[in-house]
Amino acid sequence: MDLSNLKPAEGATKQRKRIGRGQGSGKGGTSTRGHKGAKSRSGYSRKVGFEGGQMPLQKRVPKFGFTNRNRVEFKGVNLDTLQFLADTKKVTEITREVLLANGIISRNDLVKILGRGELTAKLDVTVDQFSKSALAAIEKAGGKATATYVAKKDRTKKED
């Protein structure tokens, strides 16, 4: 056995069907496409979801509600997470960078601190938004909360 006499196993390969090569081949003429109709013509491509003229599923199913394209999504981080960071990592200041470094948020997330859990550590927290309960809990623990997010509608207002 050497490289000069290698070949695939018996039945492992098949000849491709050569269509449109004359009547004698048995696959000439209509080239296996049948007679007439859209599918026999060049350039035909069926639309996604086409069901042969029957009303397609995406049109049969009732639609309701809507999606607000201008919605701003915040990643919620609870007080118990902040307390965990204060206990294990010995941090006194919470920023987006600290949360990102500890894998709590992703790079483009807007952060909102939520009020679940207990907070006993005195922390300076600077993120995008706070819930009322979280704000009260941080200030009760002796910390400082600074919100940095300004809504788009507030950014466009002119100072009078």
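None of the figures in this text is laboratory data; all of them are computed from the coordinates on show. Quick caveat, the model's predicted, so the values are computed rather than measured. Virtual Cβ from ideal backbone geometry, glycine too; neighbours counted across all protein chains shown.
What distance in nm separates the simple spin-label points at Arg60 and Asn102, each placed 7 Å from Cα in the Cβ direction? Using points 7 Å along Cα→Cβ, the separation is 5.2 nm. Taking every DSSP helix (H) stretch of at least 4 residues in the chain, weighting each as -39,500 (n - 2.57) and dividing the sum by the residue count yields a mean residue ellipticity at 222 nm of -5000 deg cm²/dmol.
Just checking the listed ones, Phe66, Phe50, Phe84: in the Gaussian network model of the chain with Cα springs under 10 Å, the one fluctuating most is Phe50. Taking trypsin sites (Lys or Arg not before Pro) across region 88-159, the ones in a DSSP loop with at most 16 further Cβ atoms lying within 10 angstrom of their Cβ are Lys89, Lys90, Arg107, Arg116, Lys122, Lys157, Lys158.
Using Cβ contacts closer than 10 Å as the measure, can you line up Val77, Val98 from fewest to most? Kindly include the intermediate steps, with their values, before the conclusion.
Working: Val77 22, Val98 18.
Ranked by crowding around the Cβ, least crowded first: Val98, Val77.
Take every pair of alpha-carbon atoms less than 8 Å apart whose residues are at least six positions apart; their mean separation over the length of the chain yields a relative contact order of 14 percent. Give me the one-decimal nm value for the distance between modelled label points at Arg16 and Val150, 7 Å along each residue's Cα-to-Cβ direction. Using points 7 Å along Cα→Cβ, the separation is 6.2 nm.
Put +1 on the Cβ of every Lys and Arg and -1 on every Asp and Glu Cβ in the chain; which of Pro8, Gly20, Gly52 then has its Cα farthest towards the positive end of the dipole? Sorting the options by dipole projection puts first Gly20.
For the pair Thr95 and Arg71, a Förster radius of 30 Å applied to the C-beta separation gives a FRET efficiency near 0.75, rounded to the nearest 0.05. Modelled this way, with points 7 Å down the Cα-to-C-beta line, the labels at Met1 and Ala38 are 5.3 nm from one another. Lysine pair count for region 51-160 with Cα-Cα distance under 19 Å and sequence separation of 8 or more or different chains is 18. Placing one equal scatterer on every Cα of the chain and applying the Debye formula, the log10 ratio I(q)/I(0) at q = 0.08, 0.12, 0.13, 0.15 Å⁻¹ is -0.61, -0.73, -0.79, -0.94.
Projecting the Cα atoms of Ile138, Leu85, Asn68 onto the charge dipole of the chain (Cβ charges, centred on the Cα centre) puts Asn68 farthest toward the positive pole.
Return the percentage of antiparallel bridges among DSSP beta bridges fully within the chain, rounded to the nearest 5 %. Walk me through the numbers before you get to the answer.
Values: 1 of 15 bridges.
Within the chain, antiparallel bridges account for around 5 percent of the total.
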